[in-house]
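The values are calculated or read from the model by the stated rules, or taken from the named source; none is laboratory data. None of these values were measured; they are calculated from a predicted model. Ideal geometry is used to build each Cβ from the backbone, glycine not excepted, and the neighbour counts take in all protein chains shown. Ligands, DNA and RNA are excluded from the accessible area calculation, which covers all protein heavy atoms including side chains. Shrake-Rupley method; radii C 1.70, N 1.55, O 1.52, S 1.80 Å.
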Amino acid sequence: MTCELTLRDVRSVARIVNLAHRFNCRCTHIAATVGESATSASFAFDGPAIALTRLRAQIDRILEYETVA
């Protein structure tokens, strides 16, 4: 699974990596570029299909929280 994300909080990159570990997924690629008001991040994950589905749902929750806060 790959994700191209725009994040407001640079700490969300670490949150996503920690979530992957919690769901027994492996980060195979991480790249982040910090800008003035946002961080662009690219991730690639490997793992069981159900774990990747759950991980994506949690990433979507992080993104939702960032847009509300």
(Q) I need every pair where a residue in the stretch 20-45 that is at negative phi has its Cβ under 8 Å from the Cβ of a residue that is assigned to a strand (DSSP E or B) and charged (D, E, K, R), sequence separation at least 6 or different chains. (A) ALA20/ARG26; CYS25/ASP46; ARG26/ASP46; THR28/ASP46; SER40/GLU4; ALA41/GLU4; SER42/GLU4; PHE45/ARG26
Q: Could you list, in sequence order, all residues of the stretch 20-30 that are open to solvent by 40 Å² or more (accessible area, probe 1.4 Å), part of a helix (DSSP H, G or I) and within 16 Å of THR53 (Cβ to Cβ)?
A: ARG22
Q. Do you know which residues across the stretch 31-69 are open to solvent by 30 Å² or more (accessible area, probe 1.4 Å), assigned to a strand (DSSP E or B) and more than 11 Å from MET1 (Cβ to Cβ)?
A. ALA31, ALA32, THR33, VAL34, SER40
Q) Got at least one residue in the stretch 10-19 being among the small types (Gly, Ala, Ser) and surrounded by 15 or more Cβ atoms within 10 Å (Cβ to Cβ)? A) yes
Q.
Can you find a residue that is of a type in the set (D, E, K, R) and modelled with pLDDT of 95 or more anywhere in the stretch 24-41?
A. yes
